[in-house]
Amino acid sequence: MTDFKETKIIAIDHGYGNIKTANTVTPTGVIACDSRPVFDGSTLEYEGKWYRIGEGHKER
């Protein structure tokens, strides 16, 4: 992160399979499910659907 006058600048790289900052790497991709996923990690329930974050990540 860099300060420029009164603005914070945060660099990110949203490349092929991950969003990367100076301190984190987060898998990209979201899949909507009609029922609760077996594994609860990285999930969001919204208006009766479950969304898994990182499921669309493609391995090379």
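Throughout, read-outs are computed from the coordinates displayed, never taken from laboratory work. Treat the numbers as computed from the prediction; the structure is a model and nothing was measured. Ideal geometry is used to build each Cβ from the backbone, glycine not excepted, and the neighbour counts take in all protein chains shown.
Could you tell me how many of the residues in the stretch 41-56 are on the phi < 0 side of the Ramachandran plot and surrounded by 10 or more Cβ atoms within 10 Å (Cβ to Cβ)?
Summing the residues that are on the phi < 0 side of the Ramachandran plot and surrounded by 10 or more Cβ atoms within 10 Å (Cβ to Cβ) in the stretch 41-56 gives 10.
Conditions first: (1) in contact (Cβ under 8 Å) with a residue 12 or more places away in the chain; (2) surrounded by fewer than 10 Cβ atoms within 10 Å (Cβ to Cβ). Residue 31 passes all but one, so which condition is the exception?
(2)
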